Amino acid sequence: MAEPVRLQPGDPAPDFSLPTDNLAKGTGQTLSLAGLRGRRVVLYAYPAAMTPGCTKQACDFRDSLASLRTAGYEVVGISPDPPAKLAKFRQRDGLTFPLVSDEDRRVLTAYGAYGEKQLYGKTVTGVIRSTFVIDEKGRIERALYNVKATGHVAKLRRELGVDQA
């Protein structure tokens, strides 16, 4: 498998329209990047809902959401999990931002967040834990690949100049 494309600051953020965790409730909701135009977006890609690292990261975003929103950022999580699993994840951990389902990994691939990675010393294909900061016009401000689940949100807040509320 070829090395995934890596987005750079200034690149247009690949647009998407994906089902949210609310789809599992029969509402048929989707979320599109175009629908967030005019706002800055923190899109973070994670491998699997309800795993220890992904839970820690999601809860860190949840706990930082007020300060991020005050600074003008919306947070969206993206994974290949089906909407029903995302709904359980949101409910179990009291997540207060949208989670979108990219079951065919098309959007994750477009962002360079799906491909070969190292896992416990072995090369595997999967979701590369990544965070993208997208400006109001839909351009990449920051593309951070291979981020750590623990401590990443605090580091991101520092880099963005966002104080903890």
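Structure notes:
- Positive contributions from Lys and Arg (+1) and negative ones from Asp and Glu (-1), summed over other residues with Cβ under 13 Å from the Cβ of Phe61, come out at +3.
- For the pair Cys59 and Asp93, the difference between a 0.36 nm per residue extended length and the Cα-Cα distance amounts to 11.5 nm.
- Rounded if a/c under 1.5, otherwise prolate or oblate - region 11-95, Cα gyration tensor axes: oblate
- For Cα extents along the principal axes in Å, the value calculated from this model appears in (1) 40, 32, 29; (2) 56, 34, 29; (3) 40, 37, 29 under label (3).
- If you run the Gaussian network model on the chain, springs between alpha carbon atoms under 10 Å, then out of Ala84, Ala13, Ala45 the most flexible one is Ala84.
- Relative contact order for region 17-156: 30 percent, from Cα pairs under 8 Å spaced at least 6 residues apart, divided by residue count.
- Computed about the Cα centre, the dipole magnitude for region 50-165 is approximately 280 debye when only Lys and Arg (+1) and Asp and Glu (-1) carry charge, each at its Cβ.
Any read-out appearing in this document is the output of simple, stated calculations on the displayed coordinates, not a laboratory observation. These figures come from a predicted structure and were not determined experimentally. For neighbour counting, all protein chains shown are included, and Cβ atoms are generated from backbone atoms with ideal geometry for every residue, glycine included.
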